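Data block below; observations after.
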């Protein structure tokens, strides 16, 4: 059996090694400070993703969205016995069982589908499986730190570890290809990081990963159908709940399936057999992939993850950038209350076309369906631009006009409220939109970028063509937008839904590395303003 190999910045877990145990050893060593560790720019970017995730979460609770409210209430029903350490939920001082606190917080973070995104793409290593994933799992690191009395620098390191494991797995194994939900990778990373932060052994982490993969595999049925349900947004939370529970169980001595990545009846080798015929069931055959995990320097997975600058499905970002570019160049398209636009044609890649171009989503009836409808997302942006120009006399201008447009036209939770989903003027724009698969040219450019083009035909039949958009604002490879400035606007917009003291709330979730153990313990201790009647 081959063993892991290490370089100055990474560890390679070969396909013919016990990779579950390797992840356990890597996680323990990483949290113990065996390696030089992440560079400052990696830590800074993780900090920004964490702030983004938290502001998404508290705003979802503030507007009393269904799943986060239910799961937060459920968590509050699970206080730990007096005198024992516990974890907390957003807006509470109660000490709770960690798996329940994490369930609630991860659900809130994910509810708007507006936090960070990875695309499982590492071409330098030839790892381009292209599985999605999101920054839904930071509550795991905060809960572990609260349980053990760890400081913010340690919690931040745990966040880096979670994202490193889940995105490197996303780069080598496409779960969606086999109709398995992408949260499995995050659950594996969560179990490993939670265990390493709590002092688990590599063998115990291996056991927990085995339980996650053998007992708790979510199918994409949770996000399939004409109208999506609470299960779509809560998928990461539910999988993380069982991952943390599995880790605690392993630390108590429960032994789960070992060497799970090479197990012939687990998802990895079952869907991608590494042997044929009877040999397929040979237990010691390799897994389908080598796994490379960065431990030091700049080349961490999080550096390739993308921000959303408002509420929209990440695969619509190219179209949003294209529309912003077009109406900025030709603002007259926005006159006559939308009548100056005759047609809008969008070309994009698979899987964008299949996921957010589903014909059923031309008529969304729920927020979860509307924010996964290319037609609705683009129509709402255009509708907001029309109203802005009518109100202000012109669009935002100046040297940073693109940034100003993203800030002024930010898509917020209220753009997906019931009244907006049925808004006649938004639907009138939707009826002008056609969404087509762009073909090989577009497919080959994904997941390196978000290849999209938009042509708006005016009432005068003039064609306004965006050209090929690859790296819209928010994308890790975008170099033109002022990301921090646009995100600061997003943070204030979402934070204002939950509190009058927005700056204090944003500060609470920022600068994690500089926070003491006491600060981490009280991170979620703030008054949460809840608004009735949003949904």
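The numbers here are math on the coordinates, done by the rules we state, and not lab data. As the structure is a computational prediction, the values presented were derived from the model and not from experiment. Note that we place each Cβ from the backbone using ideal geometry, even for glycine, and neighbour counts take in every protein chain shown.
General remarks:
- Fraction of alpha-carbon pairs over 18 Å apart in the stretch 239-362 - percent: 76 percent
- Chain lengthening between residue 480 and residue 203 when straightened (0.36 nm per residue, less Cα-Cα): 95.1 nm
- Acute angle (nearest 10 degrees) that the helix 202-215 long axis makes with the longest principal axis of the chain, alpha-carbon atoms: 50 degrees
- Dividing the Cα radius of gyration of the stretch 123-180 by 2.2 N^0.38 Å, with N the residue count, gives 1.37.
- For the stretch 409-535, fraction of C-alpha pairs farther apart than 24 Å, in %: 57 percent
- Size of the stretch 264-332 as Cα extents on the principal axes (Å, biggest first): 67, 33, 18
- Among beta bridges that DSSP assigns inside the chain, antiparallel share in %, nearest 5: 80 percent
- Taken over the Cα atoms of the stretch 1-62, the convex hull encloses 123 Å³ per residue.
- Whole-Å distance, taken between Cα centres, linking the stretch 340-363 and the stretch 424-444: 3 Å
- Degrees, to the nearest 10: 138-148 long Cα axis against longest axis of the chain: 40 degrees
- From least to most packed, judged by other beta carbons within 10 angstrom and beginning with the fewest, 92, 207 follow the order 92, 207.
- Share of pairwise Cα separations in the stretch 346-401, more than 16 Å, in percent: 54 percent
- Three-way shape call for the stretch 314-473 based on the alpha-carbon gyration tensor, with the a/c threshold at 1.5: rounded
- Volume of the convex hull of the stretch 18-259 (Cα atoms only), normalised per residue: 123 Å³.
- Evaluated at q = 0.08, 0.11 Å⁻¹, a Debye calculation over the C-alpha positions of the chain (equal weights, vacuum) places log10 I(q)/I(0) at -0.49, -0.93.
- Sorting 366, 51, 397 from the fewest to the most surrounding beta carbons within 10 angstrom yields 397, 366, 51.
- Cα gyration tensor, the stretch 1-105 - rounded (a/c under 1.5), prolate or oblate: prolate
- Using the Cβ-Cβ distance between residue 40 and residue 5 with R0 set to 22 Å, the FRET efficiency from 1/(1 + (r/R0)^6) comes to roughly 0.25.
- Crossing angle, helix 483-495 versus the chain [Cα axis fit, 0-90 degrees, rounded to tens]: 90 degrees
- Dividing the summed helix terms, -39500 (n - 2.57) for each DSSP H run of n ≥ 4, by the number of residues in the chain produces a 222 nm estimate of -14000 deg cm²/dmol to the nearest 500.
- Taking other Cβ atoms within 10 Å as a rough exposure proxy, 239, 88 sort from fewest to most as 88, 239.
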